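FYI, it's all coordinate maths here, none of it is from the lab. All of these numbers come straight from a predicted model, not from anything done at the bench. No Cβ is skipped: glycine too gets one built from the backbone with ideal geometry, and neighbour counts run over all protein chains shown.
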């Protein structure tokens, strides 16, 4: 069996599991081609930034499973997962990925709604009388 590298990416409610194997650059997300899965989402190609920064575009096949969240969170989760898997394949890639923020998990989450408020911080309109 060919050598395989694994990376987990998370963003908001999305969790991506990325498996990299030596190949010709075929990327599948949940059993579908990358472009079919993220059809019409222009930001989707930011997920492949790790391959561009390390010069490994077309050298690895990526099998990705992603759950939870929406398309935007899934793209960012995949981006982190790819970067982590690339570092496992070659620790020297860390120096190329770190300055671009590709190894940093975006910890921003949705703030919970509080009772007595309309949203997390939005209070009902004040009425003097």
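How high is the FRET efficiency between residue 100 and residue 39 when r is their beta carbon distance and R₀ equals 22 Å, given to the nearest 0.05?
Step by step, r from the Cβ atoms, then E = 0.25.
Using only the Cα atoms of region 36-88, build the gyration tensor, take square roots of its eigenvalues as a ≥ b ≥ c, and label the shape rounded, prolate or oblate: rounded if a/c is under 1.5, else prolate if a/b is larger than b/c, else oblate.
It is prolate, given that a/c is not under 1.5 and a/b is the larger ratio.
Classify region 88-129 as rounded, prolate or oblate, taking a ≥ b ≥ c as the square roots of the eigenvalues of its Cα gyration tensor: rounded when a/c is under 1.5, otherwise prolate if a/b is larger than b/c and oblate if not.
Cα axes put region 88-129 in the prolate bin.
Quote the Stokes-Einstein diffusion coefficient, in whole µm² s⁻¹, for the chain, based on the Kirkwood radius over alpha carbon pairs, a temperature of 20 °C and a viscosity of 1.002 mPa s.
For the chosen part, D equals 135 µm²/s.
In a GNM of the chain with a 10 Å cut-off on Cα contacts, which of 79, 67, 118 has the highest mean-square fluctuation?
Between 79, 67, 118, it is 118 that shows the largest mean-square fluctuation.
Give the order of 61, 92 when sorted by the count of other beta carbons within 10 angstrom, beginning with the fewest.
92, 61
Stretch residue 90-residue 59 to full length: gain in nm at 0.36 nm per residue minus the Cα-Cα span?
Fully extending the segment from residue 90 to residue 59 adds 9.9 nm.
Measure off 7 Å from each Cα along the Cα-to-Cβ vector at residue 67 and residue 13, then give the distance between these two points in nanometres to one decimal.
Result for the modelled spin labels: 1.4 nm.
Please work out whether region 1-76 counts as rounded, prolate or oblate from its C-alpha gyration tensor, where a ≥ b ≥ c are the square roots of the eigenvalues and a/c under 1.5 means rounded, while otherwise a/b larger than b/c means prolate and anything else oblate?
It is prolate, given that a/c is not under 1.5 and a/b is the larger ratio.
Taking 7 Å along the Cα-to-C-beta vector as the label spot, tell me the residue 126-residue 3 distance in nanometres, rounded to one decimal.
According to this spin-label approximation, the distance is 6.5 nm.
Rounding to the nearest 10 and keeping the result within 0 to 90°, find how far the Cα-based axis of helix 71-89 lies from the longest principal axis of the chain.
Around 40 degrees separate the two axes.
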